[in-house]
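Scroll down for the structure; my scribbles are underneath it.
Quick note: the coordinates plus some simple rules give every number you see, no bench work behind them. Because the structure is a prediction, the values reported are computed rather than measured. Note that each Cβ is placed from the backbone with ideal geometry, even for glycine, and that neighbours are counted across all protein chains shown.
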2 protein chains.
Amino acid sequence: MTTDTAVATVHPAWLPDAALAPLRALPSAVLLSGPCAAAARADLGPDVPVADADLVVAAAGGAGGVADLGVDGGLDIPAGGHVLVRTPDRTVVLGADDASALRGLYALARETAVAALTGSTPAPGVTTHAPEQPLRMLDHWDNVAVHPVMGQVERGYSGGSIFYADGEVRTDLTRVAAYARLLAATGVEAVAINNVNVHAREARLLTDGLPDVARIADVLRGYGIRTFLSVSFASPRLLGGLPTADPADPDVAAWWAAAVDRVYAAVPDFGGFVVKADSEGQPGPFAYGRSHADGANLLAGALRPHGGTVLWRAFVYDHRQDWRDRRTDRARAAHDHFAPLDGEFAENVVLQVKHGPMDFQVREPVSPVLAAMPRTRVAVEVQITQEYTGQQRHLCYLAPSWSSVLRFPLDGTRPVASLVARGGVVGVSSVGDDPFWTGHPLAQANLYAFGRLAWDSTLSPADVLDEWIALTFAGAPSAALARVRAALHTMMDGSWARYEGYTAPLGVGFMVTPGTHGGPSVDGYEYSPWGTYHFADRDGIGVDRTVATGTGYAGQYPEPWASVYEDVATCPDELLLFFHHVPYGHVLASGTTVVQHIYDSRADAVAALDGVEAAWESLADLVGTVVPADLDTRVRERLAEQRRSAVEWRDQVRTYFWRKSGVVDASGREVF
Amino acid sequence: MTTDTAVATVHPAWLPDAALAPLRALPSAVLLSGPCAAAARADLGPDVPVADADLVVAAAGGAGGVADLGVDGGLDIPAGGHVLVRTPDRTVVLGADDASALRGLYALARETAVAALTGSTPAPGVTTHAPEQPLRMLDHWDNVAVHPVMGQVERGYSGGSIFYADGEVRTDLTRVAAYARLLAATGVEAVAINNVNVHAREARLLTDGLPDVARIADVLRGYGIRTFLSVSFASPRLLGGLPTADPADPDVAAWWAAAVDRVYAAVPDFGGFVVKADSEGQPGPFAYGRSHADGANLLAGALRPHGGTVLWRAFVYDHRQDWRDRRTDRARAAHDHFAPLDGEFAENVVLQVKHGPMDFQVREPVSPVLAAMPRTRVAVEVQITQEYTGQQRHLCYLAPSWSSVLRFPLDGTRPVASLVARGGVVGVSSVGDDPFWTGHPLAQANLYAFGRLAWDSTLSPADVLDEWIALTFAGAPSAALARVRAALHTMMDGSWARYEGYTAPLGVGFMVTPGTHGGPSVDGYEYSPWGTYHFADRDGIGVDRTVATGTGYAGQYPEPWASVYEDVATCPDELLLFFHHVPYGHVLASGTTVVQHIYDSRADAVAALDGVEAAWESLADLVGTVVPADLDTRVRERLAEQRRSAVEWRDQVRTYFWRKSGVVDASGREVF
């Protein structure tokens, strides 16, 4: 990122030329024969003979010659992983397979960049790198045809789709290839290319759209990425002309089997299906009196002969709830629906569970479903697109949030990352045809961090940010790089906490503008059918989800969490209003009252933006050299909008609770 | 309305065959030679010789032969009006002109139908009918090209546009002709055919769209309706390629003069322009440092040689207001902007003023602008399309509202109808390509009543409803007709009051879902930039618009109203919260407290829907004969939706104020 790129060109994100330059400078040999060989060669340049190579990229059991290097024999290369061998003579990247080798090459570039950032030198020796999760996937909520309400990309804040334009799959997939390369460097290995809300045009990707799907899959395969499709459960009716989509109907099963056969004929390494069924209006097995297991197993049966997987989303709840009804609790829904089905799902079904019980709020407890189904493969889903976390107009580095989820000891001992290791980690993509990929240039770090934490949940968010900085600003003079590093940590390390600070307080969530989910509306979802309530009155606020007096949601947790959340005295402050309805005067563990916390945190979080803006301003002399001018312009636009919106959040939330509680803000700050 | 019409056909509204049948049965002679002659003949059938005619339709100074009837000589026929002469031998309809004669014919049909309804017989003799307002106009907020947010008809709830489809003016204008005939029967004499928010496609109606405009004008002319266009103030730039639209620029004036010349070449009786300038993002003279008078007079200068009129909308306010700022008051805006310009507008400018200072809320005070500009021609604008009054899903007969506005003695003595008599009355149309014209079949009565009250504001809303019933159900057996009459009065007479009863209380307004304006959202516009606030807190509610302590808006009124509204003790209950911020315990003139009124009225108004539904149910045995089955189905759908929505209004408003005030509802009814 050392050149001043016009905004019309695509920003190189974390793989600028300078990030690969140290490796490209080495005489190298790519000993791959699979689909990723070309990508590796493109990044390294022409091969030299192995004996002359300072850098060798190879796959275990792949092309010959590796054994001659003396590094293969005793090495245990983990599935999907790679080994780096640094000897005084050369560096060898040895992947478990073709795709793993390519990922290993980018890992080497990353280590090289980080070494430059930190001033360290990689030690000689052998390091082994294994993915914690076998499935590391991005879901694109991209529509082929622009949806009249949701647009080209549902909940997208980065322009149009890189896959689709003008109602068709793009002819030019250059951008898709660049994207796949970026993903490979993060460790992501699978992409679902269309929206889980499958509309009429998108449903047809499964049938007459297959040649186009195959074109996309061909591009993704070159970077070790498998292709998945979101499909409509009603496909046998919609596309096949059958009178039913009943899982128990043999004609339905036969239709799916034939459809899947055609998919694999076009895409031999096709990954499988993502299915949102009986959720928010999508069709599903309920219409036929069948269970989610029946529905998932139907598709699994068709995919099994080909090695494909069904990712069945657990985001099932009543979206026509009555706000007057305090017994029904949307938070309970996924557990209520799915936990009883544990053991009924086929082996090639993965239940895809959102990280929290609601919907990607800035703060939610970890979904109890992730620990409730030991006989089921479960994946955890996070949202990289910032639907509820600032929509890429607010700077909000999400790695700390995801890290807290993946490390959370949900069953009392094992972290979520371990509980989902048979399933995987899924993220909803934030990418569009925006020149900076993600709208806010610094939101690229979230996409990067997703892949890295899916690979290794024990990485610290700050270290992952260092990686991203090191790669993105590779090649910058070391003094400048150090300043960029310091500034971005100042801006980003605490950005999630700041965003939480000026938005909905203490875990209660959903104080957003209905429909768009952007900007504050404290009562926006309070009288809605969506099951999203805070129940604020003049005396207090919060949702009683205890077993003793509330909806019983707390009881869905294993111990110790069931007890911790049940008791208002032990419930963590940041989740207090998710689990309890308390008076405004309730004293938090922090020592302040609920309402004073609401007042203070909103104001403090906005005040902290001074430091964020100053940090970016401190880099002003680097604009045009280390910091591209167009990127600087975009970041400044976003920071200004974040400030405007954050002030609006602060003032609306503070004023709402002042008007409602009548409690004077002890700080004396202005309310309206 | 005595036949069971399939819904695919267009409902005849208030001119079914049966309404004209008594006149058609008479030997008749139409002595007209103007453009309305064909319409009159079409409704009456072939002429007989005048001497043999029991019914003669003629225009003063028109075709020969009238003098022979002995009824013309001494008659004083008012401009735009007509005289009905009933002798034992015949009935003569004598219009001031061709169009007036046609309106007179429909007036005769109306009187005939009302006589059947009431069992009376029109007395022989001469009656003279003069319009109170010279300009009686409908504004269509129809877009040619479907707007991505606002659709084909902005704030339309009756399907698509009768003028436009598929981005073009319709080829088949049959529906427009039927519409014009209905309007002629109400007295409406002018129609603006496109949205006041003039988008790119619609702007071109003024230039390359003129042949299509002429086709529409040709159809409307056949029923005595003049055609107006909404134009963009920026037209010289948008369409003419000029660098400016500055009113002081001679090239701009010349462009408008030439453009208007071309309009009149295509439409010789063209009415003129409607202009929304410097309002909600529309272009206007402010960009050039010119006043609204400068802007309006520019267009007036171009129209004057042709006798055309500019209708310049006074709906100008700051739509980017700050909700924290209690000094700025949107209600003040029109008076602040326009009153100082009194005397500066050209004679062929009419200032078009919304009936209230805000935006067509169910209850607003009458706009003080209507009395503030004695040297300016002023028109009053009401909204027939029910944007804020139930969107044609709720039954809300608006004649009582409009009647209260037109009769209001705003300057202390003269009613609004008199104050605007040099300007006119304008209504925003509710019509679309819906088979029942207005979505809710019973909302036809609003369109009908608009024309009738514009003609004669002293008519009682109940009598106008009788007229509409008599015409719409003409031909029904008298016993059945009496039942329909009774049922519809039960349903409609108090429907506006009921709608007010379950929605925003005591004049405060705007508790609607942002964007759509349909359904409740108490805080929906509270923290918005639109200047629409209720300022409810735990202690009280309302907007202080007094001179003494508030925004000073009350001082824009002439006496006695300035004093009446200023004093909380004399301010009418129904406007209390528009003018005053009061504690929830404030005792209304009605004897109850504000908050108990809020609780009671919401519940009582919903409870009253029982009677509405029962009244319609009482006609069940007439379905298929007097009441068309498709109309019954549609009415039942709407009543069910009204019930659902009204319950939502009731519960949300009651619950909101319970949660906020903590005051127990003395009635013990349920809150949530």
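Numbers at a glance
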item: Cβ-defined net charge surrounding A:A53, 10 Å radius [Lys, Arg +1; Asp, Glu -1]; result: -3
item: Around A:R332: net Lys/Arg minus Asp/Glu count, Cβ-Cβ under 12 Å; result: 0
item: Whole-Hz ³J(HN,Hα) from phi, Karplus 6.51 cos²θ - 1.76 cosθ + 1.60, for the range A:440-447, glycine and proline x; result: 6, x, 6, 6, 3, 4, 5, 4
item: Counting all C-alpha pairs of the range B:17-129, share separated by more than 19 Å (%); result: 37
item: P(r) of the range A:384-467 over all Cα-Cα pairs, binned every 5 Å from zero, in whole percent; result: 3, 15, 25, 22, 18, 11, 5, 1, 0
item: Neighbourhood net charge (10 Å Cβ-Cβ; Lys/Arg +1, Asp/Glu -1) for A:N195; result: -2
item: Selection of chymotrypsin sites (Phe, Trp or Tyr not before Pro), the range A:288-350, meeting DSSP coil and at most 14 other Cβ within 10 Å; result: none
item: Largest-first ellipsoid semi-axes for the range B:595-672, taking √(5λ) over the Cα gyration tensor eigenvalues, angstrom; result: 34, 11, 6
item: Amide proton proximity set for B:L138, modelled H, under 5 Å, gap of 5+; result: B:A190, B:V191, B:A192, B:G427
item: Antiparallel DSSP beta bridges within the protein assembly as shown, as percent of all bridges there, nearest 5; result: 30
item: Between the range B:483-499 and the range B:153-178, the Cα center-to-center distance that results, in Å; result: 30
item: Cross-link partners of B:K276 among lysines (Cα-Cα below 28 Å; sequence separation of 8 or more within a chain); result: B:K354
item: Cα pair count fraction exceeding 19 Å, expressed as % - the range B:139-234; result: 35
item: P(r) histogram, all alpha-carbon pairs of the range A:87-201 included - 5 Å bins from 0, percent; result: 2, 10, 16, 17, 13, 12, 10, 8, 6, 4, 2, 0, 0
item: The range A:554-588 versus the range B:389-453: alpha-carbon centroid distance in Å; result: 56
item: In Hz, Karplus ³J(HN,Hα) per residue of the range B:104-112 (6.51, -1.76, 1.60; θ = phi - 60°; x = Gly, Pro); result: x, 4, 5, 5, 5, 4, 4, 4, 5
item: For the range B:136-472, convex hull volume per residue from C-alpha positions, Å³; result: 131
item: Amide proton proximity set for B:R170, modelled H, under 5 Å, gap of 5+; result: B:Y164, B:A165
item: In Å, descending, principal axis extents of the Cα set of the range A:184-245; result: 45, 20, 15
item: Cα radius of gyration and Dmax for the range B:262-403 (Å); result: 16.5, 52
item: Cα-based Rg of chain B normalised by 2.2 N^0.38 Å, two decimals; result: 0.96
item: Efficiency of FRET from Cβ geometry, B:T207 and A:D325, R₀ 51 Å, rounded to 0.05; result: 0.35
item: Over the range B:487-599: Kirkwood hydrodynamic radius from C-alpha pairwise inverse distances, Å; result: 15.1
item: Phi to ³J(HN,Hα) by Karplus 6.51 cos²θ - 1.76 cosθ + 1.60 over the range A:268-281, Hz, x for Gly, Pro; result: x, 9, 3, x, x, 10, 10, 10, 9, 10, 6, 9, 6, x
item: Largest to smallest principal axis extent of the C-alpha atoms in the protein assembly as shown, angstrom; result: 125, 69, 61
item: Cα centroid separation - the range A:103-127 against the range B:272-334, whole Å; result: 66
